[in-house]
Amino acid sequence: MRKVLRWLLALTVFIGTLSGTAAGAATAARSGPTDIKDRLLSIPGMSLIEEKPYPGYRFFVLDYTQPIDHRHPDRGTFQQRITVLHKDVSRPTVFYTSGYNVSTAPSRREPTQIVDGNQVSLEYRFFTPSRPDPADWSKLDIWQAASDQHRVYEALKPVYGGNWLATGGSKGGMTATYYERFYPRDMDGVVAYVAPNDVVNDEDSAYDRFFTRVGTKECRDRLNAVQREALVRRKPLEQRYARLAADKGYTFATIGGLDRAYEAVVLDYVWGFWQYSLLKDCDTVPADAATASDEQIWNSVDTISGFSAYTDQGLAQFTPYYYQAGTQLGAPTIHFPYIERKLIRYGYQPPRNLVPRSIPMRFQPHAMRDVDTWVRHHAAHMLFVYGQNDPWGSERFRLGPGARDAYVFTAPGMNHGANVAGLVPEQKSLATERILQWAGVSPADVARAKPLAKPDAGLDGRDAEREPALRP
């Protein structure tokens, strides 16, 4: 009898303990932060830069403390800028990166509109102000950047507990793919737009083939003629370039002089047109380059390539990209059979010539091969979207027999701004349905295969982070 009483007493104490714990947890939950700003700022290492109002959302610009080296987190930290476009903690979350700087204006990428969700946007490490000081450039690689995303995801997942999708365009699409390769258990799906895949850096014949068939012969001939004419008129147009440089304070120490910079801008011209323009825009290109004025040739090249691109001031913002192109990502080289060799003095500039010599660089040929092999054999819940007339799609990601629920689609007639909305109807419907499925929305919404949020011109602009030619 005494044993029974002791057992009942112990059981009562145990139940009381459980009840007390549950009550304590409930009290703690009630006393914890409930406002989304407070919840975000309760994350260790998170600090507020500013909050900006936007109808139907709350938008935060934040700093997050990251290790400089994720392999050795005790060896210093830096502040990485992120933004959060908050819809509701019950909605899916889209994790976006451009691969460059982050915009501090509220914006919404296509997958965010499709799933009507939250959006977390991350500035890529080493793009200012998200750069360690002093900068150890050896810590700028695709694994370290993927680890930045992983830590941000782990910090925010307790707040945004629904499904997560990674996305990005161009270098951002590459970034989303690398993140999935190194942390395949984080995201529920990946939507990578116009993501180049330079597996073998020294083999770029795919680009040369692209430029022989893109668009129409009439358009190609117009562009080629203007490009060649800009080199024929090198002397007078470089004089104009020198005056512009003097007026703007441009210098050319990194690339090695105004002459090299001028040629680099001109050689970008045809590529830049197809990257950002459409076939209908050929009407804006001088029809007869030989009889066009210097002003017309200058304006066409400047509009498409931009004469500031290879100045020290133009290159400085993109030093992290050129560093990565010359150490892991690779960079394209194309040829110009319609231009006499005597007119081209330098050819395409390698990334090494676009990064200050004080920064050491060594190319790692295994990096892209590793990612390409992984995508071919292990891609799951991944969608790649390319533009038919985008030169960056010449070397693209492809799927192998090991891929599951993964797709590569091409938007007809589109350029570097290709998106799901530009796909042919069957592919558009399938892509939208898969994005919704991966986002974990209701079966009824998946079945409709339509974007859940209404278009918003203030949020949905795709050109907000357009980069100059020859930068993906």
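Per residue, the chain exposes 44 Å² of accessible surface when a 1.4 Å probe is rolled over the protein heavy atoms with every protein chain present.
Maximal additional length on extending the K248-H377 stretch stands at 41.4 nm, based on 0.36 nm per residue less the C-alpha distance. Between amide H atoms placed 1.01 Å from N, distances below 5 Å from V94 occur with N118, Q119, V120, L165, all of them 5 or more places distant or on a separate chain.
When Rg is the radius of gyration of the Cα atoms in segment 195-302 and Rh is its Kirkwood radius, what does Rg/Rh come to? Ratio of gyration radius to Kirkwood radius for segment 195-302: 1.00. Our coupling estimate for segment 183-196, obtained by passing each phi through the Karplus curve with A = 6.51, B = -1.76, C = 1.60 and θ = phi - 60°, is 10, x, 9, 6, 8, 8, x, 9, 10, 10, 9, 6, 8, x Hz, Gly and Pro reported as x. Here the gap between A316 and L279, fully extended at 0.36 nm per residue and compared with their Cα-Cα distance, gives a gain of 10.1 nm. The alpha carbon convex hull volume per residue for segment 291-378 rounds to 169 Å³. Short to long, the 20 Å bins of the Cα pair-distance histogram for the chain hold 22, 51, 21, 4, 2, 0 percent of all pairs. For the peptides 68-76, 291-299, 316-324, residues were scored by their other Cβ atoms within 10 Å and the scores averaged per peptide; the highest-first order is 316-324, 291-299, 68-76. Putting +1 on Lys and Arg Cβ atoms and -1 on Asp and Glu Cβ atoms, find which of G117, W392, F336 reaches farthest to the positive end of the dipole of the chain. So the residue we want is G117.
In this structure the amide hydrogen of Y54, modeled in the peptide plane, comes within under 5 Å of the amide hydrogens of F59, none closer than 5 places in sequence on its chain. Each of the peptides 426-435, 186-195, 358-367 was scored by the mean count of other Cβ atoms within 10 Å over its residues; in descending order, highest first, they stand as 186-195, 426-435, 358-367. Per residue, the chain reaches -11500 deg cm²/dmol at 222 nm when only DSSP H runs of four or more residues are counted, each adding -39500 (n - 2.57). Taking N as the residue count of segment 128-176, its C-alpha radius of gyration divided by 2.2 N^0.38 Å amounts to 1.35.
In this simple spin-label model, placing a label point 7 Å from the Cα along the Cα-to-Cβ direction at both R341 and S205 gives a separation of 2.0 nm. Centre-to-centre separation between the Cα atoms of segment 87-114 and those of segment 361-419: 21 Å. Each label point was placed 7 Å from the Cα along the Cα-to-Cβ direction; for E218 and D370 their separation is 5.0 nm. Using +1 at the Cβ of each Lys and Arg and -1 at the Cβ of each Asp and Glu in the chain, identify which of F60, A292, N419 lies farthest towards the dipole's positive end. The listed residue farthest towards the positive side: F60. Modelled label positions at D294 and I359, each set 7 Å beyond Cα in the direction of Cβ, lie 3.5 nm from each other. Lys and Arg at +1, Asp and Glu at -1: add these up for the other residues within a Cβ distance under 12 Å of L85 and post the number. Spelling it out: positives minus negatives among the neighbours equals +1.
Of all DSSP beta bridges confined to the chain, the antiparallel ones make up roughly 50%.
Need one word for segment 148-251: rounded, prolate or oblate. Basis is the Cα gyration tensor (sqrt eigenvalues a ≥ b ≥ c); a/c below 1.5 gives rounded, then a/b vs b/c decides. It is prolate, given that a/c is not under 1.5 and a/b is the larger ratio.
Candidate membrane-span-like segments in the chain, meaning DSSP H helices with Cα atoms spread over at least 27 Å of their own axis and a Kyte-Doolittle mean of -1.0 or above, are 2-31, with no membrane implied.
Run the paramagnetic zone check for D456: 7 angstrom along Cα to Cβ, then residues of segment 52-91 with backbone nitrogen under 20 Å. The answer is 52-62, 82-91, whose backbone nitrogens lie closer than 20 Å to the label point. Here the accessible area is traced with a 1.4 Å probe on the protein chains. For the chain, carbon and sulfur cover 54 percent of it.
Remark: segment 57-73, residue by residue, has Karplus-estimated 3J(HN,Hα) of 9, 10, 10, 10, 9, 10, 10, 10, 6, 10, x, 5, 10, 5, 7, 9, x Hz, where x stands for each Gly or Pro and the curve is 6.51 cos²θ - 1.76 cosθ + 1.60 at θ = phi - 60°.
The values are calculated or read from the model by the stated rules, or taken from the named source; none is laboratory data. The shown structure was predicted, so the numbers you read here are calculated from the model rather than taken from an experiment. Glycine gets a Cβ as well: all are built from the backbone with ideal geometry, and neighbour counts include every protein chain shown. Only protein heavy atoms, including side chains, enter the accessible area calculation; ligands, DNA and RNA are left aside. Shrake-Rupley method; radii C 1.70, N 1.55, O 1.52, S 1.80 Å.
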